[in-house]
Amino acid sequence: MTELLSIEPIRMLVFLVGTILFVALNAAYLTLLERKESSWFQRRLGPTEVGPWGLLQPIADGIKLAGKQVIVPDGVDKILFVLSPIMVSVPVIMNLATIPFSDTLVARNIDLGLLMILSFTSFNVMGIMFGGWASRNKYSVISAARVVAQNVAYEIPMFLIAISLVMVTHTFDLRETVLLQTGGFWNWNLFKLGVSPLMPAACLLFFVCLLAETNRSPFDMMEAESELIAGAITEYSGMGFGLFFISEYANIVVGSCLVTILFLGGWNCPFGLYPGLHWFFVKMYGIIFVVIWIRWSFPRIQFYGLLNLSWKILIPLSLAHLLLTCVMVKIW
Amino acid sequence: MSVDATTIQGETFVVNMGPQHPATHGVLRIKLTMDGEYIMNAEPVIGYSHRMQEKMAENRTYSQYFANIGRIDYVGAMIYNFGYACAVERLAGIPVPERAEYIRVITSELNRIASHLLWFGPFIIDLGGLTPLLYAFDDREGILNLLESVSGARLTFSYFRFGGVCNDIDDDFVAGCRAFISRMRERLTLYRRLVTDNIIFRKRVEGIGVIPPEICRKYGATGPVLRGSGVAYDVRKDEPYSIYPLLDFDIPVFGECDSMARYRVRMEEMNQSLRMIEQALDKLPSGPFMAEKVPRILKPPKGDCYFNVEGARGSFGIRIVSDGTEIPYRLKLRTPCFANLSLFEEASRGMLLADSLALLGSLDLCIPDVDR
């Protein structure tokens, strides 16, 4: 197996299929998790009919979605309209290629992994904007404008936090970042209070930015269903909608991976025992659980509230954190 | 009336919100003239569920029309039945036994709580919080089960008759009511902790959608909308009917005029309704629940009368003109939602789209009640 994987074309093929499968399965089963979780919060049962405990529900949904006609409405900008679901979903899959799930399981470890993920994350905004713009639906246009403002506003604090972390770890390499946190939880970046006493706050900031970047509630301005119907994706049907949907969940997965790697020690066990893939998934899905939990607990904030939060609170805080880290790193 | 486009800076566009839109809660269409996300003008276009309720009344006997009246505001059907029954009784001079009056008040107040619960959940949904709806439905289920046990229906009850009610309430119902009251009090505390005190929720509603009392007066707004603007007008206190003068209850009034004030009014009203039901259950007299010798086909004497009740959404008035035959000559409905919606155009001017939905939601519109 290992020898086979060292042959480059085979390695590429295996990881390509693996990554796409991972994205598809995650999207499918995270919808189930979302529906089940929402049903727990809302005192209902959730899907129960298709398969035991509703486990086959995502497959039924997928077949239904794939079987639907892809409608391109009259008067839309056809090229952009068709292109934008692809523009949204491809960068996310690219992102997953550089994420180290364990010491050995990484599709392509590159030494600028963090930079690459951050840049590709911003790419999907363009897809959503084009989709909304091309739809020629007034709600979609409003949504597209909102998404751009929102993502620009929240990328800045996210990047600032990432930069301050790079100062601590001295590397953009994600695998390297995790290796630096080997050992118990006291070695995680989250608890490196000696380097920056504000590290837990920085983690929280990063998490908030992640919610906004992935357009999740309470920052779901893109798909504010009670205001904008379905926002930028109102006019999409069938797999066009499906791709947006998949990429939304894939984005959450990538974001949660990033939090896991940057702050929670990746595949390391909190007590230094049996590090491996399972710990990575425990942490990652734990974060995803919290993301879904938040969606079903809080109302949506206003758009200007969202921008105020970023420009008036998050950006100054993350700048302060950056400065503090600078000083602390210099002192140590 | 639309704002002159030349007076507005920048480019405007028109968005049709509705008739199929998640936030209008029914077939209401609002023509929004918008500048970016700011609303320059919002013109409600109504009539999508117009059923000629007033004309229908002129074609059927008084008791045949009873089924219609609950379908005007189906969320608070019991209170509308109350208004119609009282109006016809006043017109025809039918006495109502005391026990029936108590039963009417108990069931009406239960229905008022159910109606407010059905407002509470969707209002939070308008603001993006999806979970409280299910909790509200859970409570409403308790009320509907109680009302079903006496009336046989769960939405359009038609439980009242001219001169009383069609079924007596039994000990099970009384015990069920008391159990519900104690349960509901806990739930109201829960809602306060989970929803009212939520920081995001407060930011969404506090200071948003201010309706000054002058606008309320101008458009004839009543009910929680008016009381949320600091005017203590409640038909149950100001033009008391039935046994309401015998009950001890407060009229919640909040002077902030914003969506939060209207929210608080309704939450407090549920509390007051619980108090009323409790008192009415304590005082419930024995005796007949139906007046004797009410003719099967009513022929009220020539004349007209107006009767006003406090519906879940505001004051609901019925004017009936009788020409001495078995069908009304004219029946005019004064529905609260129509007046409450009218002020939306003026109150929403210059608001953001998302905020205007907080305003629209806090008006608690029932679209068939607007269109009737």
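The values are calculated or read from the model by the stated rules, or taken from the named source; none is laboratory data. Computed from a prediction, not measured in an experiment: that's the story for all the values here. Ideal geometry is used to build each Cβ from the backbone, glycine not excepted, and the neighbour counts take in all protein chains shown. These area figures cover heavy atoms from the full protein model, side chains too; ligands, DNA and RNA do not enter into them. Shrake-Rupley method; radii C 1.70, N 1.55, O 1.52, S 1.80 Å.
Averaged per residue, the range A:176-218 has 35 square angstrom of accessible surface, using a 1.4 angstrom probe with ligands and nucleic acids left out. Of the residues in the range A:125-161, those shielded by at least 20 Å² of accessible area once partner protein chains are present, compared with the chain alone at a 1.4 Å probe, are A:K138, A:Y139, A:I142, A:R146.
Only Cα sites of the protein assembly as shown enter the Debye sum here, all with the same form factor; the resulting log10 I(q)/I(0) across q = 0.08 1/Å is -0.73, listed in q order. Direction-averaged projected area, Cα convex hull, the range A:132-197: 6.5 nm², rounded to one decimal.
Going from the isolated chain to the complete set of protein chains, the range B:128-159 loses at least 10 Å² of heavy-atom accessible area (1.4 Å probe) at B:G128, B:G129, B:L130, B:T131, B:L134, B:Y135, B:D138. Roughly how tilted is helix A:78-97, in degrees to the nearest 10 and between 0 and 90, from the longest Cα axis of chain A? So the helix axis and the longest Cα principal axis differ by about 30 degrees.
Using protein heavy atoms only (no ligands, DNA or RNA), what is the total accessible area buried between A and B, 1.4 Å probe, nearest 100 Å²? If you can, show how the numbers build up before the last one.
Working: alone 15810 and 15220 Å², together 28600 Å².
Interface area, both chains combined: 2400 Å², rounded to the nearest 100.
Counting only heavy atoms of the protein chains and using a 1.4 Å probe, B:F180 has close to 10 Å² of accessible surface.
Partner aspartates and glutamates whose Cα lies under 17 Å from the Cα of A:K192, excluding those fewer than 8 positions away in the same chain, are identified as A:E176. With the helix formula -39500 (n - 2.57) applied to DSSP H stretches of n ≥ 4, the protein assembly as shown reaches a computed 222 nm mean residue ellipticity of -17500 deg cm²/dmol.
Accessible area ranking (1.4 Å probe, heavy atoms, ligands and nucleic acids excluded), largest first, for A:E248, B:E98, A:E49, A:E223: A:E49, B:E98, A:E223, A:E248.
Over the range A:76-331, with every protein chain in place, what whole percent of the accessible area is carbon and sulfur at 1.4 Å, could you tell me?
Working: 7310 of 9510 Å².
Percent of accessible area from carbon and sulfur atoms in the range A:76-331: 77.
Among the chymotrypsin sites (Phe, Trp or Tyr not before Pro) within the range B:308-359, which fall in a DSSP loop and have no more than 14 other Cβ atoms within 10 Å of their own Cβ? Please report the intermediate quantities before stating the final value.
On the way: sites: B:F316, B:Y329, B:F338, B:F344; in loops: B:Y329.
Answer by residue number: B:Y329.
Per-residue SASA remark: B:S242, around 40 Å² accessible (1.4 Å probe; ligands, DNA and RNA not included). Once all protein chains are placed together, B:K299 keeps about 130 Å² accessible to a 1.4 angstrom probe.
Residues of the range A:258-298 that bury at least 30 Å² of accessible area once all protein chains are present, compared with their chain alone (1.4 Å probe, heavy atoms only, ligands and nucleic acids left out), are A:W296, A:F298.
Residues B:F254, B:F201, ordered by accessible area of protein heavy atoms at a 1.4 angstrom probe radius and largest first, appear as B:F254, B:F201.
Order A:Y274, B:Y74, B:Y263, most accessible first, counting only protein heavy atoms with a 1.4 angstrom probe.
Working: A:Y274 180, B:Y74 85, B:Y263 0 Å².
Output order, biggest surface exposure first: A:Y274, B:Y74, B:Y263.
Once the convex hull of all Cα atoms in the range B:13-371 is built, its volume per residue stands at 120 Å³.
Based on C-alpha pairs under 8 angstrom that are at least 6 apart in sequence, chain B has a relative contact order of 27 percent.
Quick one: helix A:277-295 against the long Cα principal axis of chain A, what's the angle to the nearest 10°, folded into 0 to 90? Taking the Cα atoms of chain A, the angle to A:277-295 is about 50 degrees.
For the range B:1-115, the extents of the C-alpha atoms along the principal axes are 65, 33, 24 Å, listed from largest to smallest.
Axis of helix A:199-213 versus longest Cα principal axis of chain A: the two differ by about 20°, to the nearest ten degrees.
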